[in-house]
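The values are calculated or read from the model by the stated rules, or taken from the named source; none is laboratory data. Computed from a predicted model, the values in this text were never measured in an experiment. Virtual Cβ from ideal backbone geometry, glycine too; neighbours counted across all protein chains shown.
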Amino acid sequence: MHKLGLIGKNISYSFSKAYFKNKFEKEQITNVAYENFDIENIELFPSIIQNTEGIKGFNVTIPYKEAIIPFLDDLDETAKKIGAVNTIKISENKQLIGYNTDCYGFKNSLKPLLRPHHKMALILGTGGASKAVAFSLKELNIRYYFVSRASKNGVDFTYDSLTDEIIKQHQIIINCTPIGTFPNINACPNIPFAAINSEHILYDLIYNPAETTFLKFGKNLGATIQNGSKMLELQAEKAWSIWDLS
């Protein structure tokens, strides 16, 4: 029996386990199992590999997409450029190879929403997922700027510095933070929502709830909205093709 799993922290809610369980049942894949590896710190990762018979690969989620890199033997070119990993394949000779399929999922879920005026984006948050989003926007020739709570290297705006004018100029706004995830569904990134209109796309990487407060505000102001579920489905299928277990 081959095994796959998700590495993360507080991941009982996780999309991946339910998605793959469903996939295996629907497609009658009987030789693969998928489980959650909920670990308190990344130092526990090697013990999972040592103690899990038949392990062939992992997905990686918050907060370990960057922290896991030193534990890997190699990265594919895209993961190297992004600096974050969300998929690991264990090769025949036990090498751990890191990939990033988040960028594939994000890019291909955003593309159908784009119109010619969508030229500039704000990325809320600076974690591993935001790096994949930035990589995808660059490929789509969309200029992007990072927003974070504190001013630091690589951050273009703080939330406090955002003005109506900045919001109007950036017609794609992507929430890459966990703010608004279940159970804290009333929480929301603090941006000047009054400046949002029907020209905007609001994209939230969160999928639980399906419509976050961030997206509700956008919808009420006429914006196009998208949650993270399509991105997750696309990145999961890309990961499955990398593991190549069928």
Looking across segment 219-232 at residues that are in a helix (DSSP H, G or I) and without any contact (Cβ under 8 Å) to a residue 40 or more places away in the chain, the single one that is farthest from the chain's Cα centre (by Cα) is ASN220
Residues of segment 134-170 classified as in a loop (DSSP other than H, G, I, E, B) and of a type outside the set (S, T, N, Q), total: 10
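Between ASN59, ASN36, which is in contact (Cβ under 8 Å) with a residue 60 or more places away in the chain, part of a strand (DSSP E or B) and closer than 25 Å to PHE182 by Cβ?
Numbers: ASN36 fails: in contact (Cβ under 8 Å) with a residue 60 or more places away in the chain.
Testing whether each residue is in contact (Cβ under 8 Å) with a residue 60 or more places away in the chain, part of a strand (DSSP E or B) and closer than 25 Å to PHE182 by Cβ leaves just ASN59.
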For segment 192-206, check the following and say yes or no: at least one residue is among the hydroxyl-bearing types (Ser, Thr, Tyr), surrounded by 18 or more Cβ atoms within 10 Å (Cβ to Cβ), modelled with pLDDT of 95 or more and within 23 Å of TYR99 (Cβ to Cβ). yes
Scanning segment 39-56 for residues that are outside any helix (DSSP H, G or I) and among the β-branched types (Val, Ile, Thr), the one surrounded by the most Cβ atoms within 10 Å (Cβ to Cβ) turns out to be ILE55
Odd one out for ILE68, checked against (1) in contact with a Phe, Trp or Tyr (Cβ under 7 Å, 6 or more places away or on another chain); (2) farther than 30 Å from HIS200 by Cα; (3) of a type outside the set (D, E, K, R); (4) without any contact (Cβ under 8 Å) to a residue 60 or more places away in the chain: (4)
When segment 42-63 is examined, which residues are found to be modelled with pLDDT under 95 and either under 23 Å from the mean Cα position of the chain (by Cα) or among the basic types (Lys, Arg) (or both)? THR61, ILE62, PRO63
Can you find a residue in segment 8-20 that is within 15 Å of ASP244 (Cα to Cα) and either in contact with a Pro (Cβ under 9 Å, 6 or more places away or on another chain) or not small (Gly, Ala, Ser) (or both)? yes
Taking segment 3-28 as the search range and keeping residues that are among the charged types (D, E, K, R) and assigned to a loop (DSSP other than H, G, I, E, B), which one is surrounded by the fewest Cβ atoms within 10 Å (Cβ to Cβ)? GLU27
Take the residues in segment 125-162 that are closer than 18 Å to TYR104 by Cβ and among the charged types (D, E, K, R); name whichever of them is surrounded by the most Cβ atoms within 10 Å (Cβ to Cβ). LYS131
